[in-house]
Number of protein chains: 2
Amino acid sequence: VLARLRARLGGGPGQPGLMAPLPGEVFSGDDAAVLLPPAGRLLLAIDLVVEGVHIDLSLGSLADAGWKAISVNASDIAAMGGRPLHVVAGVSAPAGTDLDEVTDGMVEACAAYGVALVGGDLTSGRHLVLSVAITGTCDGRDPVLRTGARRGDLIWVTGPLGASAAGLELLRGARTESHSGLVRAYRRPVARVREGVVAAASGATAMIDVSDGLSQDLDHVASESGVGIRLTSVPIAAGASLEQALGGGEDYELVFTAPEGAPVVQAFEAAGLAVPTRIGICTADAGERSLEGHPLPITGWEHSFRSAR
Amino acid sequence: VLARLRARLGGGPGQPGLMAPLPGEVFSGDDAAVLLPPAGRLLLAIDLVVEGVHIDLSLGSLADAGWKAISVNASDIAAMGGRPLHVVAGVSAPAGTDLDEVTDGMVEACAAYGVALVGGDLTSGRHLVLSVAITGTCDGRDPVLRTGARRGDLIWVTGPLGASAAGLELLRGARTESHSGLVRAYRRPVARVREGVVAAASGATAMIDVSDGLSQDLDHVASESGVGIRLTSVPIAAGASLEQALGGGEDYELVFTAPEGAPVVQAFEAAGLAVPTRIGICTADAGERSLEGHPLPITGWEHSFRSAR
């Protein structure tokens, strides 16, 4: 199995969906990968995808799980305004798991984000755990942290929310026929990598990806920046509810703050990307969390599968 | 729990056993850590420690598990001739697991290796899975790969082997009173980081850490370098058997090859480290795997706990 996986992971040129190592680089097959680091600072993150917590294998495939493990990590880099470079993947799986299918999903996602899968670790285990670590670069720009929002900054979101939660609800009810977009949003979430880079370049002061739910993720930004949050509206995905848009996690849209006058709309239009929606403003009252004048419920979203238990 | 863990992971200066971020660096608390990359090439590896496969929580503590997760990764960097820089740690654990104890073991190991724990991910799960990814640097030297052994190169090992396997056997038999060194070798394996750097600097052509067992790990080097292996002797840890020294994994000593005349002994003496033992020679017959003229059994060691099932 390891030899087959290594062949998929690259090391030789010309393999589909994979980046070949540059001169001086060594990908999988040794104790560690040898990489040319980016100029400037290095981003590094790790995220786990655990069967029974983040994924339910009765509602999606092993390839979906592999896709998701890469995407949630790419989203962490996107939320810094960065571009992902390399991933290493740890897979712990029960005997009999089709590891080729897991790898297929990972490779597909790596190709989508232009990231190289450069090594990994494979072990048995009682249930499926996918652990991916990722590197990235901001290409010389400052990374966009959670701490940089200032009073008066406008709050933007890169797209409508709640699709993943709505897709999960449909799958649980086995009503999937006419809602493939929502189901796909749950099974194959897409990290907004280009959007994160454009947001950073257009003056974003703070940014986070919507993994736990808009309310909770914005609460992190507000708490760590010392500002209040006053929302005027929230874009809801077609087929989703307001509750799913506010509390449903795993949409992986980016929420960011930027000073009034920052060229957000122009920058996204120039990049050929959907223009973000302006959803509110950062206020001086650090305790404020409001939507249309009402208190914003800070609902926790302990990841899709678990929340239904 | 996350806030407590973050406090342990650093972000502020002066915390015991942890390295503080340099200006321009951001450790835990955001979507990704922001790091100053090393000059020259970057090493990157990931290794999982899984309950029921690599660890048995009835034979060691949660802190031992945390220690081990860091050490096996530091050993991957050591086996490249590198120095570990940063780790990110993913922890998936059943409800009720004492995460502070897991973190204690990780922090202790990080302090021992001078590596900074810069971020992580925490999630529930049915059994304990620790996933650590690590970066490192060779400080401008070429990394030592598994492919570089040449016929005529001498084979060296940094210390006696079999202690971890012997310690596990003692723990299973509950005979631990007079063998604390062996038990400690199993519970708290030490990555040979300084040894790896000195081996690389003294001319090592190929190197690997003894994680699966000497026979199997040397077989990797031989196969990937296209040389044969002729062993003349193997240093056995006091209290261990020859079988444990050849087939027992998880000693994390380093095995390396170097041309005759390379200043291995002098370099280790100058560094104040125990001098490695010369155990054999690389031969032109790529199929040869022998010990004192007898075929060397290439026993697999599917990690300590599992091998007893």
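None of the figures in this text is laboratory data; all of them are computed from the coordinates on show. Since the structure is predicted, the reported quantities are computational estimates derived from the model, not experimental observations. Please note: Cβ atoms are built from the backbone with ideal geometry, for glycine as well, and neighbour counts cover all protein chains shown.
Got a sec to turn the phi values of region A:50-56 into Karplus ³J(HN,Hα) couplings, 6.51 cos²θ - 1.76 cosθ + 1.60 with θ = phi - 60°, whole Hz, x for Gly and Pro?
10, 4, x, 10, 9, 9, 10
For label points placed 7 Å from Cα toward Cβ, what is the shortest-first list of nm distances from A:Arg150 to its copies?
Label-point distances to the other copies, shortest first: 6.1 nm.
Can you give the FRET efficiency to the nearest 0.05 for A:Glu260 and A:Glu108, using r as the Cβ-Cβ distance and R₀ = 45 Å?
That pair, A:Glu260 with A:Glu108, gives E of 0.65.
With a/c under 1.5 counting as rounded, go ahead and sort chain A into rounded, prolate or oblate using the C-alpha gyration tensor (a ≥ b ≥ c being the square roots of the eigenvalues; past the cut-off, prolate if a/b is larger than b/c, else oblate).
Because a/c hits 1.5 or more and a/b fails to exceed b/c, chain A counts as oblate.
Rounded to the nearest 10 degrees, what's the angle between the helix B:99-113 long axis and the longest principal axis of chain B, both from Cα atoms, 0 to 90?
50 degrees
Under the rule of at least 5 residues apart or a separate chain, name every residue whose amide H is placed under 5 Å from the amide H of A:Leu117.
A:Met19, A:Val87
Give the long-range amide H neighbours of B:Gly125: residues separated by 5 or more places, or on another chain, with amide H under 5 Å away, using H modelled in the peptide plane at 1.01 Å from N.
B:Ala93, B:Ala95
Say a label goes 7 Å from Cα toward Cβ at B:Leu57 in every copy; what distances in nm does this one have to the rest, shortest first?
When each copy's label point is compared with this one, the spacings are 2.1 nm.
To the nearest 20 Debye, how big is the dipole of chain B about its Cα centre, given +1 on the beta carbon of each Lys and Arg and -1 on that of each Asp and Glu?
Numbers: 23 positive and 35 negative charges, 35 e Å.
Dipole magnitude for chain B comes out near 160 debye.
May I ask which residue of B:Val102, A:Gln244, B:Thr257 lies farthest towards the positive end of the charge dipole of the protein assembly as shown, with charges of +1 (Lys, Arg) and -1 (Asp, Glu) on Cβ and the Cα centre as origin?
Checked the options; the winner is B:Thr257.
Other chains near B:130-139: what is the mean number of their Cβ atoms within 10 Å of each residue's Cβ?
Details: counts 2, 13, 5, 14, 4, 7, 2, 1, 1, 0.
That average works out to 5.
For A:Ser290, go 7 angstrom from Cα along the Cα-to-Cβ vector, then report the distances to that same point in the other copies in nm, smallest first.
Once sorted, the set of distances for A:Ser290 reads 8.6 nm.
List the GluC sites (Glu not before Pro) in region A:164-264 that DSSP assigns to loop (not H, G, I, E or B) and whose Cβ has at most 11 other Cβ atoms within 10 Å. Which are they?
Hits after loop and neighbour filter: A:Glu177, A:Glu260.
For B:His179, B:His294, which order do you get if you count the other beta carbons within 10 Å of each Cβ and list the fewest first? Could you put the intermediate results ahead of the total?
Working: B:His179 18, B:His294 8.
Exposure proxy ranking, most exposed first: B:His294, B:His179.
Taking amide H positions as placed 1.01 Å from N in the peptide plane, with prolines and chain starts having none, which residues 5 or more places from A:Leu42, or on another chain, fall under 5 Å of its amide H?
Result for A:Leu42 returns B:Leu35, B:Leu36.
What does the highest-first list of A:150-157, B:95-102 look like by mean Cβ count within 10 Å?
Put in order of decreasing packing, that is A:150-157, B:95-102.
Taking Cα pairs under 8 Å and at least six residues apart, what relative contact order does region B:129-279 come out at, in percent?
Relative contact order of region B:129-279: 40 percent.
Does region B:85-183 come out rounded, prolate or oblate, given a ≥ b ≥ c as the square roots of the eigenvalues of its C-alpha gyration tensor, rounded meaning a/c under 1.5 and, failing that, prolate meaning a/b above b/c?
Oblate, because a/c is 1.5 or more while a/b does not exceed b/c.
Once both axes come from the Cα atoms, what is the angle between helix B:163-172 and the longest principal axis of chain B, in degrees from 0 to 90, rounded to 10?
60 degrees
Quote the charge dipole size of the protein assembly as shown about the Cα centre in Debye, to the nearest 20; the model charges only the Cβ of Lys and Arg (+1) and of Asp and Glu (-1).
Values: 46 positive and 70 negative charges, 43 e Å.
Computed about the Cα centre, the dipole is about 200 debye.
Could you work out which residue, out of A:Ala201, A:Ala284, A:Ala165, moves most in a Gaussian network model of chain A, that is, has the largest mean-square fluctuation with Cα springs under 10 Å?
Residue with maximal mean-square fluctuation among A:Ala201, A:Ala284, A:Ala165: A:Ala284.
Cα gyration tensor of region B:186-302, axes a ≥ b ≥ c as square roots of the eigenvalues: rounded (a/c below 1.5), prolate (a/b > b/c) or oblate?
Oblate, since a/c reaches 1.5 and b/c is not below a/b.
For chain A, what's the relative contact order in percent, using C-alpha pairs closer than 8 Å and at least 6 residues apart? Let's see the in-between values first.
On the way: 757 pairs, mean separation 66.6, N = 309.
Over chain A, the number comes to 22 percent.
I need the calculated FRET efficiency for the pair A:Leu122 and B:Leu57, taking r as the beta carbon distance and R₀ as 35 Å, to the nearest 0.05.
Approximately 0.95, to the nearest 0.05.
Select from A:Ile134, A:Gly52, A:Ala39 the residue farthest towards the positive end of the dipole of region A:25-155; place +1 on Cβ of Lys and Arg, -1 on Cβ of Asp and Glu, and compute about the Cα centre.
Going by the charge dipole, the pick is A:Ala39.
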